[in-house]
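Novice: My questions all concern the structure below.
No lab work stands behind these numbers, since they all come straight from the coordinates. Given the structure is predicted, the values throughout are model-derived calculations rather than measurements.
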Amino acid sequence: MITCVTAPSRSGTSLTMQMLNAAGIPVAWNLLPNRRPWNERGFYEFDFTKGTLDECEGHAVKVMPFDLHRLTPDHDYQFITILRNVACVEKSMAATVEHRGSEMSDAHKARHWQQATLKHIAEYGNVIVGFDELFNGIGQGKIGAFLDMTPLQIAKMCDCVDHNMWHFKPEAR
């Protein structure tokens, strides 16, 4: 079984991978450098052109929506999907592009990728977590229940969340 963490860029996939790693879940990643100034805790990304799905078996792996087509029927999958307010995703993407000085491959397509992801995961075991739920413990509880984690593992996921990293919150109505 491969556990896929998926969402458009700037939606909490890195945080989710960090949480799973903190809980002792094996994570598969092969892209270096793993850390950058705008993500000092690490991306935990897997480059499918440099590795195989066989390396991901029994692990959690980040699969961006534009890479879902790389998943083959040779493996079983389950999905942790993060949904974030699209306007917040796009603001975060714009800030990242400005900071990096280069375009993001999925910039300005967050709504499309969210819809495509939800359609793709419908046939698999999956849990959908709101981005804000990663910051209030609800998301960790959902993920913990989905992966049959112990209370200690869930607590470790909660402990690695830095609330100062929640940028671009939805505007109050």
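Novice: Whole-Hz ³J(HN,Hα) for each residue in segment 70-84, computed from phi via Karplus 6.51 cos²θ - 1.76 cosθ + 1.60 with θ = phi - 60°, x for glycine and proline: what do you get?
Specialist: Each residue's phi maps through the Karplus curve to give 7, 6, 9, x, 6, 10, 9, 10, 9, 10, 10, 10, 9, 10, 10 Hz.
Novice: Amide H neighbours of residue 27 under 5 Å, counting only residues 5+ apart in sequence or on other chains, H built in-plane at 1.01 Å?
Specialist: 60
Novice: Counting only residues 5 or more places away or on other chains, whose amide H sits under 5 Å from the amide H of residue 126 once H atoms are built in the peptide plane?
Specialist: Hits under the 5 Å cutoff: 79.
Novice: While we're here: Per 5 Å bin, what is the whole-percent P(r) computed from every C-alpha pair distance within segment 2-163?
Specialist: 2, 9, 18, 23, 22, 16, 7, 1, 0
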